[in-house]
Amino acid sequence: MERLTTSQKTTYLLEAGLEVLHAQSNEWLNEIEFWKDESVFFYQLIVNKTSAFVPVIAKDHIEKIENELIKITGGDLDDLKKEVVQHEVFLNDLLESKYLSEESYRKRHELLTFSILKFERRLKELKNEIFKLVKQIDRSK
């Protein structure tokens with residue numbers, strides 16, 4: 001399993017107050033919405049760019065990218081968003097109850113941080129593949 005390293009910023013944020021963690025969760029939700037829009041844009045770009053002229057060597061590449069974009073927009077981003085929303089619900093419950101553990105909230109926040117970072121890396125790699133593909137198609141015209 002691949003391990004993401006913890007940055008100093010991440011470590012600092014995990015030790016910060018609950019308000020800071022709440023703000024970071026809200027940033028994640030905004031980022032997820034942006035990623036959804038961005039993924040739809042890239043899917044449309046791939047479909048539009050490849051519908052006219054597709055070199056044979058790019059067909060497998062296109063299919064791989066389309067499948068990844070479908071996975072991202074068809075559920076992975078929604079699942080990630082649900083996790084963050086549930087995390088925010090837990091925070092609300094934590095603030096209203098003295099019986100819930102702040103430590104478990106922080107641990108969950110740390111796990112979510114790694115999920116967000118992993119997804120962000122996945123999306124960056126996909127965007128690089130899309131850019132390479134578009135260049136390849138443009139060169140073959």
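Condition check ((1) in contact (Cβ under 8 Å) with a residue 60 or more places away in the chain; (2) under 17 Å from Glu38 (Cα atoms); (3) touching an Asp or Glu at 6+ places or on another chain (Cβ under 7 Å)) across all residues:
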position: Asp60; (1), (2), (3): no, no, no
position: Asn67; (1), (2), (3): no, yes, no
position: Ile72; (1), (2), (3): no, yes, no
position: Leu77; (1), (2), (3): no, yes, no
position: Glu83; (1), (2), (3): no, no, no
position: Phe90; (1), (2), (3): no, no, no
position: Asp93; (1), (2), (3): no, no, no
position: Lys98; (1), (2), (3): no, no, no
position: Phe114; (1), (2), (3): yes, no, no
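If you scan segment 131-141, which residues turn out to be under 18 Å from Ile65 (Cβ atoms) and either of a type outside the set (Val, Ile, Thr) or open to solvent by 60 Å² or more (accessible area, probe 1.4 Å) (or both)?
In the first step, residues of segment 131-141 are kept if they are under 18 Å from Ile65 (Cβ atoms); the result is 131-140.
Within segment 131-141, Phe131, Lys132, Leu133, Lys135, Gln136, Asp138, Arg139, Ser140 qualify.
Results for (1) hydrophobic (A, V, I, L, M, F, W, C); (2) part of a helix (DSSP H, G or I); (3) open to solvent by 60 Å² or more (accessible area, probe 1.4 Å); (4) touching a Gly at 6+ places or on another chain (Cβ under 8 Å), shown as yes or no for each residue.
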position: Asp79; (1), (2), (3), (4): no, yes, yes, no
position: Leu91; (1), (2), (3), (4): yes, yes, no, no
position: Tyr99; (1), (2), (3), (4): no, no, yes, no
position: Glu103; (1), (2), (3), (4): no, yes, yes, no
position: Thr113; (1), (2), (3), (4): no, yes, no, no
position: Ile116; (1), (2), (3), (4): yes, yes, no, no
position: Arg122; (1), (2), (3), (4): no, yes, yes, no
position: Glu129; (1), (2), (3), (4): no, yes, no, no
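The values are calculated or read from the model by the stated rules, or taken from the named source; none is laboratory data. Model, not experiment: these values are computed from the prediction. Glycine also receives a Cβ, built like all others from the backbone with ideal geometry; neighbour counts cover every protein chain displayed. Protein only, heavy atoms only, side chains kept; ligands, DNA and RNA dropped before computing areas. Shrake-Rupley method; radii C 1.70, N 1.55, O 1.52, S 1.80 Å.
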